[in-house]
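The values are calculated or read from the model by the stated rules, or taken from the named source; none is laboratory data. Keep in mind that this is a model prediction, so the values were computed, not measured. Every residue, glycine among them, receives a Cβ derived from its backbone with ideal geometry; neighbour counts consider all protein chains shown.
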Amino acid sequence: MESNSEQTPLENQISMCELLATMLEDASHSDSQEGFFMAALMRAFASDSFAHRLFESQPVIKQPALLLAAAVKYIVDQGDSEDLGKYYPKYLLSGDVISPEQVLDDNFPVVVQAFLVKHEVKLRSLMEAHWYQCNPPQRVAQLAVGLAYVTQDWPDEPMAHIDVGSATGIGTLLGLVEFIDKDGATIVKARDPQTCVSTLLLGDKRPPADLVLPEIKERFALDLDPPDIHDEKMLAWLRACILPDVDSIKRWNKAIELTKEKGVRVQKGNAMDLIPVFEAKLPPGRPLVLTDTYVSLFMTEDQLVTFRELLAVIGKRRPVIWLSINAPMPPGPVGDHTTSGIVLDDSVIAREKKESFATLTATTWRNGIHTNEVLAFMHPVGFWIEWIAQ
Ligand SMILES: C[S@@+](CC[C@H](N)C(=O)[O-])C[C@H]1O[C@@H](n2cnc3c(N)ncnc32)[C@H](O)[C@@H]1O
């Protein structure tokens, strides 16, 4: 989420709650049930001074509102849920499917506040110990359509992939995840499909038909602080970060199982240090795909310049594609360009003030030619994609 420099950190989190609630309630942008409960929780946080105190215990960069929602869910999942547990979509607790609309009532905000007061110490310690991490597999599918689109006229040859800021490693499933629209039409085909996610295609344009992913031969992942997906306690935290709806949970569980099956190892370290180490292992000329989803957004302007220079240098040795899904503009004094350096139209900047969405950008260095393009706008966790590339 973009931070508005004129707001205090607390105002920023309150407006983020409201923005998120509006986005989640917007039926045209999501499935009918998805996010309904989360939207109600965000509205309860936005109007609750006790929640505001908890927000203020953490820096804005840790997304305190989402962090608090995850901490609440973590405690509810442990069974210590009292009155609040009954409001969560029931399939999470018992396997039944009872929609949140059936149980949400006027008392909900009061119940939320009582829960926060009662569990203050535990909530603070969970928020202190963890980051909010949602790792939605839809982002992998959205990267896939970008990759297939950019390489559609390239020679059919294997490529290498580095997922930067991978967290769980789910991003390394690129090439194995197919992408279909809600009507079942294929958006991008994988050669070795192992799972499939769907999305809503908004807008007038569609990506070209018959897009096929290139083969990914080498896969690497790195993160400053990768969570251990083999540790049950950590998995419980990560699950608590997912939107509490049945489809999101199913998709995520399947993706995490696949990631474990593939033996993915996310190497701990900084992107600037590890990208050259991984690149040095590749055969000469092997095209390299780098992906970052909600990572470059956290780099400073100087770090972004260094990052782009590093890719440009590698791009002299081999074709390089950097696919990036991030909020449209990195927070900061300029705030008018993507992390890849594309200056955005005023209409996009104005839209970003009212709506929470992401951009998919593709930046390439190949045969001495450099390209940098916004391919699509999308819902931050992938419920919709709006294709805009020509
Ligand atoms: C918001 S999470 C995104 C995780 C995942 N890519 C996704 O889409 O859900 C950002 C991740 O980037 C990592 N990160 C941030 N800056 C980094 C850097 N310079 N090098 C490596 N990892 C970084 C953080 O540790 C964190 O796990």
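Does region 294-307 contain at least one residue that is under 24 Å from Asp192 (Cα atoms), within 15 Å of the ligand (Cβ to nearest atom), in the same structural domain as Pro214 (by TED's automatic domain parsing) and charged (D, E, K, R)?
The first filter runs over region 294-307 and keeps only residues under 24 Å from Asp192 (Cα atoms), leaving none.
No, region 294-307 contains no residue that is under 24 Å from Asp192 (Cα atoms), within 15 Å of the ligand (Cβ to nearest atom), in the same structural domain as Pro214 (by TED's automatic domain parsing) and charged (D, E, K, R).
Looking at (1) at positive phi; (2) modelled with pLDDT of 90 or more, find the lone condition where Glu82 falls short.
In the conditions (1) at positive phi; (2) modelled with pLDDT of 90 or more, Glu82 misses (2) alone.
If you go through region 225-259, how many residues are out of contact with any Asp or Glu (no Cβ under 8 Å at 6 or more places or on another chain) and either within 14 Å of the ligand (Cβ to nearest atom) or under 14 Å from Gly165 (Cα atoms) (or both)? Before the answer, list the steps.
Taking region 225-259 and keeping what is out of contact with any Asp or Glu (no Cβ under 8 Å at 6 or more places or on another chain), we get 225-233, 235, 237-238, 241-242, 244, 246, 249-259.
From what's left, either within 14 Å of the ligand (Cβ to nearest atom) or under 14 Å from Gly165 (Cα atoms) (or both): 225-229, 237-238, 241-242, 251-252, 255-256, 259.
Result for region 225-259: 14.
The rows are residues; the columns are (1) more than 30 Å from Ala65 (Cα to Cα); (2) touching a residue at least 60 places away in the same chain (Cβ under 8 Å).
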{"residue": "Val140", "(1), (2)": "no, yes"}
{"residue": "Ser166", "(1), (2)": "no, yes"}
{"residue": "Gly171", "(1), (2)": "no, yes"}
{"residue": "Leu176", "(1), (2)": "yes, yes"}
{"residue": "Asp210", "(1), (2)": "yes, no"}
{"residue": "Asp225", "(1), (2)": "no, yes"}
{"residue": "Ala236", "(1), (2)": "no, yes"}
{"residue": "Ala240", "(1), (2)": "no, yes"}
{"residue": "Pro244", "(1), (2)": "no, yes"}
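Identify the residue in region 5-26 that is more than 20 Å from the chain's Cα centre (by Cα) and either modelled with pLDDT under 70 or assigned to a loop (DSSP other than H, G, I, E, B) (or both) and, among all such residues, is surrounded by the fewest Cβ atoms within 10 Å (Cβ to Cβ).
Residue satisfying both the conditions and the ranking: Glu6.
Find all pairs meeting these conditions: Cβ atoms under 9 angstrom apart; at least six residues apart or on different chains; first residue within region 260-274 and without any contact (Cβ under 8 Å) to a residue 24 or more places away in the chain; second residue part of a loop (DSSP other than H, G, I, E, B) and more than 8 Å from the ligand (Cβ to nearest atom).
Glu261/Gln194
Considering every residue within region 319-329, establish whether at least one is modelled with pLDDT of 95 or more, within 12 Å of the ligand (Cβ to nearest atom) and over 27 Å from Tyr149 (Cβ atoms).
No: zero hits.
Filtering region 121-138 down to residues that are free of Cβ contacts under 8 Å to residues at least 12 places away in the same chain and away from the ligand (no atom under 16 Å from the Cβ), which residue is farthest from the chain's Cα centre (by Cα)?
Of the residues in region 121-138, the ones free of Cβ contacts under 8 Å to residues at least 12 places away in the same chain are 121, 125, 129.
Cutting the leftovers down to away from the ligand (no atom under 16 Å from the Cβ) gives us 121, 125.
Numbers: Val121: 29, Ser125: 24 Å.
If we take residues in region 121-138 being free of Cβ contacts under 8 Å to residues at least 12 places away in the same chain and away from the ligand (no atom under 16 Å from the Cβ), then Val121 is farthest from the chain's Cα centre (by Cα).
Identify the single condition in (1) in contact with a strand residue (DSSP E or B) (Cβ under 7 Å, 6 or more places away or on another chain); (2) without any contact (Cβ under 8 Å) to a residue 12 or more places away in the chain that Asp345 does not satisfy, given that it satisfies every other one.
The single condition Asp345 does not satisfy is (1).
Taking the options Lys233, Lys189, name whichever one is surrounded by fewer than 22 Cβ atoms within 10 Å (Cβ to Cβ) and at pLDDT 90 or above.
On the way: Lys189 fails: at pLDDT 90 or above.
When all the criteria are applied, what remains is Lys233.
Please tell me if Gly175 is on the phi > 0 side of the Ramachandran plot, of a type outside the set (Lys, Arg) and surrounded by 17 or more Cβ atoms within 10 Å (Cβ to Cβ). Walk me through how you get there before you give the answer.
On the way: on the phi > 0 side of the Ramachandran plot: yes; of a type outside the set (Lys, Arg): yes; surrounded by 17 or more Cβ atoms within 10 Å (Cβ to Cβ): yes.
Judged against the criteria, Gly175 is a match.
Within region 260-274, can you find the residues that are more than 12 Å from the ligand (Cβ to nearest atom) and surrounded by 16 or more Cβ atoms within 10 Å (Cβ to Cβ)?
Val264
Could you please find all residues in region 152-185 being within 13 Å of the ligand (Cβ to nearest atom), out of contact with any Lys or Arg (no Cβ under 6 Å at 6 or more places or on another chain) and outside any loop (DSSP other than H, G, I, E, B)?
Correct list: Ile162, Asp163, Val164, Ile170, Gly171, Leu173.
For residues that are hydrophobic (A, V, I, L, M, F, W, C), surrounded by 15 or more Cβ atoms within 10 Å (Cβ to Cβ) and outside any loop (DSSP other than H, G, I, E, B), tally how many sit in region 119-133. Quick ask: steps written out before the conclusion?
Residues of region 119-133 that are hydrophobic (A, V, I, L, M, F, W, C), as a first pass: 121, 123, 126-127, 129, 131.
If we keep only those that are surrounded by 15 or more Cβ atoms within 10 Å (Cβ to Cβ) too, we end up with 123, 126-127, 131.
From what's left, outside any loop (DSSP other than H, G, I, E, B): 123, 126-127.
Count: 3.
Considering only residues that are among the aliphatic types (A, V, I, L, M), closer than 18 Å to Ala160 by Cβ and within 16 Å of the ligand (Cβ to nearest atom), which ones fall in region 188-224?
Across region 188-224, the qualifying residues are Ala221, Leu222.
Go through region 195-223 and give me each residue that's assigned to a loop (DSSP other than H, G, I, E, B), surrounded by 15 or more Cβ atoms within 10 Å (Cβ to Cβ) and out of contact with any Lys or Arg (no Cβ under 9 Å at 6 or more places or on another chain). Give the derivation first.
Quick first cut of region 195-223, residues assigned to a loop (DSSP other than H, G, I, E, B) only: 203-210, 213-215.
Narrowing the set further to residues that are surrounded by 15 or more Cβ atoms within 10 Å (Cβ to Cβ) leaves 207, 213-214.
Matches in region 195-223: Pro207 only.
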